[in-house]
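The values are calculated or read from the model by the stated rules, or taken from the named source; none is laboratory data. Since the model is a prediction, treat every value here as computed from it, not as a measurement. Here the Cβ positions follow ideal geometry from the backbone for every residue, glycine too, while neighbour counts run over all protein chains shown. Ligands, DNA and RNA are stripped out before the accessible areas are found, and what is left, the full protein with its side chains, is counted by its heavy atoms. Shrake-Rupley method; radii C 1.70, N 1.55, O 1.52, S 1.80 Å.
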Amino acid sequence: MFELQYIGHAGWLIKNNNLKVLCDPWFSPDGAFLSSWFPFPNNNHLFASDLLFDLDFIYISHAHEDHFDKWTLKHADRKTPILIPRFKDKTLLTELKKMNFDNIKEMCRADSHHIKGIDIKIIEDEGFFDNDSCIMLDDGQDRVLNLNDCHIDFQDLKNLVGDIDLLLLQSSSAIWWPCAYDYDSKTMKKNCKTKKNNILKRTLQYSKVLNAKNVIPNAGPPIFIDDKNEYWNHNRRQHNPFVMMDDSVEYLNKNDIQSHLVIPGSTVNLSKSLISLEVNHKQVSQIYDNYDHYLTSYKSYIKNRISTPSATHKETLQLIPKFAAQIKTLKKISKFYVDKIKFPILFDFKDLGKWVVDFSKEECFFKYIDESYNYSFVFEPDKVCLLFRDDSVDFEKYFLSLNFSCHREQDEYNEYLFALLKNFDTKRFMLSEQIYAQETNALDETYELVCKNGNKLDIKRYCPHKMVDLKKNGFINEDNELVCPLHAWRFSLQTGECVNHSGQNNIFKK
């Protein structure tokens, strides 16, 4: 029998007989992503010394700070086994070694691990833009899949894990679009609603594909501590893409999925697909029925504990030279991304000036005068400086904080620009391009799609966005469009173009 305790956000303590496993614990008083994110609801009361001791292993799904929390792990015995996915990107492994953990085991989907009668499988999902993983525990009677943030291809996951008795998965958002963009109010609400609906549909699709007998949404939403992001703590019942977990549970139950609401401290028992929960319903009411009151009290508690990092004067003076030098380095070594960023980008560093990056020019970084541009960013210099303290410079850490603003002249997403900024240090940039090169070979594979009118089309098998297998998972909607269900990208069967994300690759065979 599995016994699970929810410890907040994506964190779980999982037991089965003598097995004791901790997944993605996050308790840092300084939150994550430059001290902008904090778990919701509050889980601080669950942090205790015995939580991190006598463990068979700690599982860390990926390197995001709301999953890989160094503050929490510093309280663990360094001899505790750590299980992580075997990524090509070794950032997570390297950081754990720096913390002097000496029993780290990397696993991929081809590996199996057997501990105290439990089969353990870690499934990595790595692309040129990002990486994540999930873990399955099987005691021969029940299968628990902790999917957390992992957005692996539906059918691939089904082939790897089969039917699931208890599915734990993200049903909220961890993204900066459309929140940080300068849309007017009407467009912003429309885009947010679209994002929210896509998240819920993705949650439902995973539940259906895996034939999950029980589903528990978790891994979000966060609470934002910065006053300028207070808007995103509210309106979560309407258009806000940071979905509340009780809304996710209600949505799944309405769609015939057996879903359950938990809060930090709730316990779950699973035996022969039957589930029983211990949930403090009074606390549930205090959190969800009196959300604004709870939020005000919780934010006050956070602000009394937090120690927000700040940049030094020297770091601020060095920011533009460092940024410029790395932009020029990446232009020099890039084989793919730079050629796919065919427009000028304005970077407004406020007191440090406005600068343009234009990879079509020999001198690709220069002071802004009056040039036109397609993309623009307004950055907080003191926040960006903090990124350069890390060996692996990753602007996603800053983007997720929502402490920036963005404008797109044609409102067309360019994934390669964000891949460059996410993998901003030289080593990870080169690796990202290598993975991209491997993926694009698969992009040439096609299959024959039979349309509703009987016509046959040669279609690229993999969605150009996240490599979802369209042959296995795509479907034709009422508008005669081929739909990728992972993020609801729609492709015209007349032109092959993506109709809701302009500028993306055509799915017709050339």
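Some points to look at:
- When residues of region 142-173 are limited to those that are small (Gly, Ala, Ser) and closer than 14 Å to residue 212 by Cβ, the one surrounded by the most Cβ atoms within 10 Å (Cβ to Cβ): 171
- Residue ID - surrounded by the fewest Cβ atoms within 10 Å (Cβ to Cβ), chosen from residues in region 225-249 that are out of contact with any strand residue (DSSP E or B) (no Cβ under 7 Å at 6 or more places or on another chain) and among the hydrophobic types (A, V, I, L, M, F, W, C): 244
- Failed item in (1) at pLDDT 95 or above; (2) out of contact with any helix residue (DSSP H, G or I) (no Cβ under 6 Å at 6 or more places or on another chain), with residue 194 passing the rest: (1)
- Residues that are in contact with a strand residue (DSSP E or B) (Cβ under 9 Å, 6 or more places away or on another chain) and at positive phi, drawn from region 29-56: 31, 54
- The residues listed here are 477, 473, 441; of these, the one that is under 26 Å from residue 158 (Cβ atoms), out of contact with any strand residue (DSSP E or B) (no Cβ under 9 Å at 6 or more places or on another chain) and not hydrophobic (A, V, I, L, M, F, W, C) is 441.
- Matching strands (runs of 3 or more DSSP E) fully within region 398-510 where at least 1 residues are over 22 Å from the mean Cα position of the chain (by Cα) and over 25 Å from residue 338 (Cα atoms): 446-450, 456-460, 481-484, 489-492
- Index of the failed condition, residue 217 passing every other in (1) in a loop (DSSP other than H, G, I, E, B); (2) within 23 Å of residue 36 (Cα to Cα): (1)
- Total residues in region 12-31, condition open to solvent by less than 10 Å² (accessible area, probe 1.4 Å), in contact with an Asp or Glu (Cβ under 8 Å, 6 or more places away or on another chain), assigned to a strand (DSSP E or B) and free of Cβ contacts under 8 Å to residues at least 60 places away in the same chain: 0
- The residue that is surrounded by the most Cβ atoms within 10 Å (Cβ to Cβ), among those in region 174-187 that are of a type outside the set (Lys, Arg) and free of Cβ contacts under 8 Å to residues at least 12 places away in the same chain, is 183.
- Single match in 104, 122 (criterion: under 13 Å from residue 60 (Cβ atoms), at pLDDT 95 or above and touching a Ser or Thr at 6+ places or on another chain (Cβ under 8 Å)): 122
- Against the test of being crowded, with 21+ Cβ neighbours inside 10 Å and charged (D, E, K, R), the options 119, 125 yield a single qualifying residue, 125.
- For region 36-50, the set of residues classified as open to solvent by 10 Å² or more (accessible area, probe 1.4 Å) and either of a type outside the set (D, E, K, R) or in contact with a Ser or Thr (Cβ under 6 Å, 6 or more places away or on another chain) (or both) consists of 42, 44, 45, 46, 47, 48, 49, listed by residue number.
- You will find that of 257, 306, 302, 275, the residue that is touching a helix residue (DSSP H, G or I) at 6+ places or on another chain (Cβ under 6 Å) and among the hydrophobic types (A, V, I, L, M, F, W, C) is 257 and no other.
- Selected residue (criterion: surrounded by the most Cβ atoms within 10 Å (Cβ to Cβ)) from residues of region 250-261 that are farther than 23 Å from residue 298 by Cα and among the aliphatic types (A, V, I, L, M): 252
- Whichever residue in region 365-388 is assigned to a strand (DSSP E or B) and in contact (Cβ under 8 Å) with a residue 12 or more places away in the chain and, among such residues, is surrounded by the fewest Cβ atoms within 10 Å (Cβ to Cβ): 367
- Applying the condition of being open to solvent by less than 10 Å² (accessible area, probe 1.4 Å) and assigned to a helix (DSSP H, G or I) to region 60-110 and asking which residue is farthest from residue 431 (Cα to Cα) yields 72.
- Count - residues of region 426-450 that are at pLDDT 95 or above and open to solvent by less than 20 Å² (accessible area, probe 1.4 Å): 2
- Test: residue in region 47-66 that is in contact (Cβ under 8 Å) with a residue 40 or more places away in the chain and farther than 23 Å from residue 136 by Cα: no
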